[in-house]
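Below you'll find the structure, written out as C-alpha cells, and then a few comments.
Read-outs throughout are calculated quantities, based only on the coordinates presented, and are distinct from any laboratory measurement. Computed from a predicted structure; not experimentally measured. Positions of Cβ are generated from backbone atoms using ideal geometry, with glycine treated the same way; all protein chains shown enter the neighbour counts.
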Amino acid sequence: MSIIKWDRYPFLALSLPAKTWLSLQLDFGLASNTIDAYARALEDYLSFSNLCGIDIHSANRQHIASYVREMSARPNPRLSKRDSFASNVASIPGLANATLQQRLTVLRLYYDYLIEEGLRTDNPVGRGRYTPGRSFGSQHERGFIPRYRRLPWIPTSEQWQSILEAARLEPIRNRAMLALAYDAALRREELCSLTIADVDPALRLLRIRAETTKNRQERIVPYSEPTSLLYQAYLSHRHSLSRDRGPLFLSESHRNRAQPVSIWTWSKVIQGIAHRSAVHRLTTHTFRHLCLTDLAQAGWELHEIAKFAGHRSIQSTLNYIHLSGRDLSAKLNAGMSQLHSWRVKQMAEVLK
C-alpha cells in the first residue's frame, strides 16, 4: 500500500485539515500518482498562502485569483528543456495550462471537503459561470481560467529514428522496457509494476492489473514478436539478479540491487535517451501517445483503441484520432477522388 512521505510536504504536514483530507484520499484507494499530485498542489498553495500571510481556511476568491496570477507568471522549468518546436515560446513564463487546471481542481476538491466538515460555508474556487450564446443547444460553463486542449506530441519519423539509435546503447532491461512501453501503450506506472506472472510469452499477451492503472480497470494487451525476443533475452539476464517470480524489471544498482525498478529510475533512463538523441520533448508517456496514434492511422476503430489504451472516456481516445488525421484524410481522399472523376469526365466531353 502507498504511503505519504510527509517530509516532502512540510506545510501540508503542519495543516491538520489538509493532512486529514489527503489521508482520506489515500484510504479511498486513489492511485499513488494521484495522491502525489494532490500533495504537490496543496503544498504549493500552502507555501504561497504562507508567503502572503493568509490562512487558506479563510481565504476568499481574491486570494485564489492572486494564486492563479502568481502561477501564471512564475518561470516554467520545463520550457527550457523543450526542442526547437518550443524555442519560440521559451521566454514565455507561467506554468502550463494543464497544470493550472489541475491545481485548481485539487483546491476545489479540498474546499468541498472543508464545507462538508462545516469549516467553511462556500468554495472560493467556484465551478464556472453560465455563458449564454456560446454553445449549440446546451449551456456552456466557463471555468475560473480558460482551458486549452492541445493534442499529444509525437516524434517525427526522423526523431523516432534518433531515439531508437540512442536507445541501442541502453542495457537489455531498458531496451525491453522501451519496446513494451510502445507495443502495449503502457503508462509509466503500468510498465514498472509488471510482474513475470503478468506476461504470457506463448500468446504474447500482457495483463495490466487494475491496481496499477489510472482508472482501476484491468486490460489484456498484445505485444510484438521483436519485443518477445527482447523479453526472452532480458529474462535470461534477469536470472543473474533474481530467480524469484516477482516484479519483472529489477534494479541493477549497488544500493537497490534486485529491487523493483521505480518510476523515477525509468524517467531518468528516458531523460538520458532524450539528451543523447537531441529529442528533448521525449518523455515516458511519448511511447503511449505514439502507439495509439499509430493504431488510429492503421484504421483501428475508436472503441478498439479505447479498449487497448484502457480509456474510460472516449473523449480521451478521440485525441489520437484527431492527431492521426485519419478521418480528415479519408474525407479528403474521397473528395479528391470525386473531383478527379469530374475533371476527367469534363475533359472527355470538351476534348473529344
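Here are the numbers for the structure shown:
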{"item": "Qualifying aspartates and glutamates (Cα of each under 20 Å from Cα of Lys268; at least 8 residues distant if same chain)", "result": "Asp36, Asp83, Glu165, Glu170, Glu189, Glu190, Glu252"}
{"item": "Exposure proxy ranking, count of Cβ atoms within 10 Å, fewest first, for Arg255, Arg245", "result": "Arg255, Arg245"}
{"item": "Eligible aspartates and glutamates near Lys307 by straight Cα distance, threshold 14 Å, same-chain separation 8 or greater", "result": "Glu218"}
{"item": "Gain upon complete extension [Gln315, Lys214; 0.36 nm per residue less C-alpha separation]", "result": "34.8 nm"}
{"item": "Point-to-point label distance, Leu164-Arg74, nm (Cα→Cβ direction, 7 Å offset)", "result": "4.1 nm"}
{"item": "Difference of contour (0.36 nm per residue) and Cα-Cα distance, Gln62 to Asn97", "result": "10.6 nm"}
{"item": "Pairwise label distance in nanometres, Glu301 with Asp244, each label 7 Å out on the Cα-Cβ vector", "result": "4.4 nm"}
{"item": "Cα gyration tensor, the stretch 146-229 - rounded (a/c under 1.5), prolate or oblate", "result": "oblate"}
{"item": "Proxy reagent accessibility, fewest Cβ within 10 Å first, across His280, His254", "result": "His254, His280"}
{"item": "Spin-label pair Ile196/Asp294, simplified geometry with 7 Å Cα→Cβ offset, distance in nm", "result": "2.8 nm"}
{"item": "For the stretch 157-326: rounded, prolate or oblate by the Cα gyration tensor [a/c cutoff 1.5]", "result": "oblate"}
{"item": "Other-chain or far-sequence residues with amide H under 5 Å of Arg281's (modelled H)", "result": "Asp83"}
{"item": "Stretch gain in nm, segment Arg8-Leu203, where the contour uses 0.36 nm per residue and the Cα spacing is subtracted", "result": "65.9 nm"}
